[in-house]
Structures are given as structure tokens and as C-alpha cells.
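Asks: Just passing along the structure, written as C-alpha cells.
Only the coordinates and a few stated rules stand behind these numbers; no lab work does. Predicted, not measured: the structure shown is a model, and the values here were computed from it. Methodologically, a virtual Cβ is constructed for each residue, glycine included, from the backbone with ideal geometry; neighbour enumeration extends over all protein chains shown.
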Amino acid sequence: MELKRAFGLALKQLRSERNLSQEDFSDISSRTYLSTLERGLKSPTLDKVDELASVLEVHPLTLLVGGYLLKDSPIALDELFRRIRAELPSQMK
């Protein structure tokens, strides 16, 4: 799956799981922009990912990991975390 589409689907799933409407994001984004993200038509900036995560009350990595899990399906979460741990420089661990 294309990354923009996978990120959008992860965003939509997290939003739906938390019973939030697109209008609940109105302080940080228009409903139209959120819709284009969820449909995979645009990619957010890192600052926007941080703002979206704040409204969802999740860590920004939750959004990114969710997108990559959908993109790289059928990768398992534990496998992805193992890879990230191995790739991070030792001073970041």
C-alpha cells in the first residue's frame, strides 16, 4: 500500500476508535484538509503529525507506526520494533 494512503487509513482508524469527528480537529486543521489526509491525497508535515497526535491523545509515533504497519503489511509490530531498536544509534537507546 502507498505510504500516504496507509498513513491516512491509520489516522482515520485512530480517529474513529476514539469517537472523534473530523470537526474535532478544527483547532488545528480544516475538515477538508483532514479528509485529504485520510484519503491519502496529501502527506502531513512533522509538525502536523504532532498536532494530530495531540488531538488524538497519542504519541506521534503511534500515527507513523500505524501507517507503516499498514504499508508494509503483513509486518508484525514486534518485528518493526526490533528493527527500529537495531537501527537506532546506541546513544539514542
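Asks: For the chain, what log10 I(q)/I(0) values come out of the Debye formula at q = 0.20, 0.23 1/Å, with one point per alpha carbon and no solvent?
Replies: Debye intensities relative to I(0), on a log10 scale: -0.95, -1.16.
Asks: Now a separate question. Please give the helix 46-56 orientation as an angle from the longest Cα principal axis of the chain, in degrees from 0 to 90, rounded to the nearest 10.
Replies: With rounding to tens, the tilt is 70 degrees.
Asks: Hey, another quick one. Where does the chain land at 222 nm, in deg cm²/dmol rounded to the nearest 500, when only DSSP H runs of n ≥ 4 count, each adding -39500 (n - 2.57), divided by all residues?
Replies: The per-residue figure over the chain is -19000 deg cm²/dmol.
Asks: Under a 10 Å cutoff between Cα atoms, tell me which one of P44, P74, P60 has the largest fluctuation in the Gaussian network model of the chain.
Replies: Comparing P44, P74, P60 in a Gaussian network model of the chain, the most mobile one is P74.
Asks: Determine, for the chain, the count of lysine pairs separated by eight or more sequence positions (or lying on different chains) whose alpha-carbon distance falls under 22 Å.
Replies: 9
Asks: Relative contact order (percent) for the range 3-92, with alpha-carbon contacts under 8 angstrom and 6 or more residues of separation?
Replies: 37 percent
Asks: Determine ³J(HN,Hα), in whole Hz, for all residues of the range 76-93 in sequence, where each value follows from phi through the Karplus function 6.51 cos²θ - 1.76 cosθ + 1.60 and θ = phi - 60°; x replaces Gly and Pro.
Replies: Taking θ as phi minus 60°, the curve returns 8, 4, 4, 5, 5, 5, 4, 5, 4, 4, 5, 8, 5, x, 4, 6, 9, 7 Hz for the range 76-93.
Asks: Taking the Cα centre of the range 17-58 as origin and charging only Cβ (+1 Lys, Arg; -1 Asp, Glu), how large is the dipole, in debye to the nearest 20?
Replies: My answer is approximately 260 debye.
Asks: Can I ask one more? When the dipole is taken about the Cα centre of the chain, and only Lys, Arg (+1) and Asp, Glu (-1) are charged at their Cβ, what size is it in debye, to the nearest 20?
Replies: 300 debye
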